[in-house]
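A.B. asks: One structure, pasted below without further comment.
The values are calculated or read from the model by the stated rules, or taken from the named source; none is laboratory data. This is a predicted model, so every value here is computed, not measured. For neighbour counting, all protein chains shown are included, and Cβ atoms are generated from backbone atoms with ideal geometry for every residue, glycine included.
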Amino acid sequence: QKITRLLLEAGANPNIVSDVDFPRYQAEGISGATASGREKYLPLYFETQRAPIEDVHLLLKYGADPNQILKDGNLYLAVLLAAAQSMAVLDRYESDLDSISRIKLLLEYGLDIKRQTQIAAITNPICGAYNSSHIDTVLFILDNGGDATACGEKLVAWINKDLARKINPS
């Protein structure tokens, strides 16, 4: 975090798209890196997915845009997707894994949940949270304006069924 802070204080752009080499993370199954291990990433997306929440806050404080969506091939990488799946990715590395607290932080800095949930099903934050078994996160995103229609009819039906079961367990 010290190096990141120094770079940001010196004027580094927290919204710059990075071409990152991910062989270690690819081998550990952490990222969706391509076979070459290289992938385009936004610092806020990467940090929201894998770093302590203090690092996410640091980037936001220095101007990282929580609404920036990176198109990489057929994938749309939304910061909200990283937050929604953070626990699934990090549970063996970090103790600060609360997806909802990450989303709340992003909301404080102007995250537009509706816009970020209108992207393709494969990278839709609601689909990602649901596929990671984060029903509370799905509910939180929906309660804050999220749109599940991009997930497709079948998945929306499953989500609705599981949410109904969570709300009325009997």
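A.B. asks: Taking the stretch 113-145 as the search range and keeping residues that are within 18 Å of residue 68 (Cα to Cα) and of a type in the set (Ser, Thr, Tyr), which one is surrounded by the fewest Cβ atoms within 10 Å (Cβ to Cβ)?
C.D. replies: Result: 123.
A.B. asks: Would you be able to say whether some residue in the stretch 32-47 is modelled with pLDDT under 70, over 22 Å from residue 146 (Cβ atoms) and among the hydrophobic types (A, V, I, L, M, F, W, C)?
C.D. replies: Checking the stretch 32-47: at least one residue is modelled with pLDDT under 70, over 22 Å from residue 146 (Cβ atoms) and among the hydrophobic types (A, V, I, L, M, F, W, C).
A.B. asks: Quick one: in the stretch 62-86, which of the residues that are at pLDDT below 75 and polar (S, T, N, Q) is surrounded by the fewest Cβ atoms within 10 Å (Cβ to Cβ)?
C.D. replies: 74
A.B. asks: Go through (1) at pLDDT below 85; (2) closer than 26 Å to residue 129 by Cα; (3) assigned to a loop (DSSP other than H, G, I, E, B) one by one and return the number of the condition residue 14 breaks.
C.D. replies: Only one criterion is unmet by residue 14, namely (1).
A.B. asks: Just one of the numbered conditions (1) in a helix (DSSP H, G or I); (2) surrounded by fewer than 15 Cβ atoms within 10 Å (Cβ to Cβ); (3) among the small types (Gly, Ala, Ser); (4) at pLDDT below 85 is not true of residue 95; which one?
C.D. replies: All conditions are met except number (1).
A.B. asks: Let me ask something additional. Is the stretch 112-123 home to any residue that is touching a residue at least 40 places away in the same chain (Cβ under 8 Å), under 17 Å from residue 98 (Cα atoms) and touching a helix residue (DSSP H, G or I) at 6+ places or on another chain (Cβ under 9 Å)?
C.D. replies: no
A.B. asks: Just need a number here: residues in the stretch 1-19 that are under 22 Å from the mean Cα position of the chain (by Cα) and among the charged types (D, E, K, R).
C.D. replies: 2
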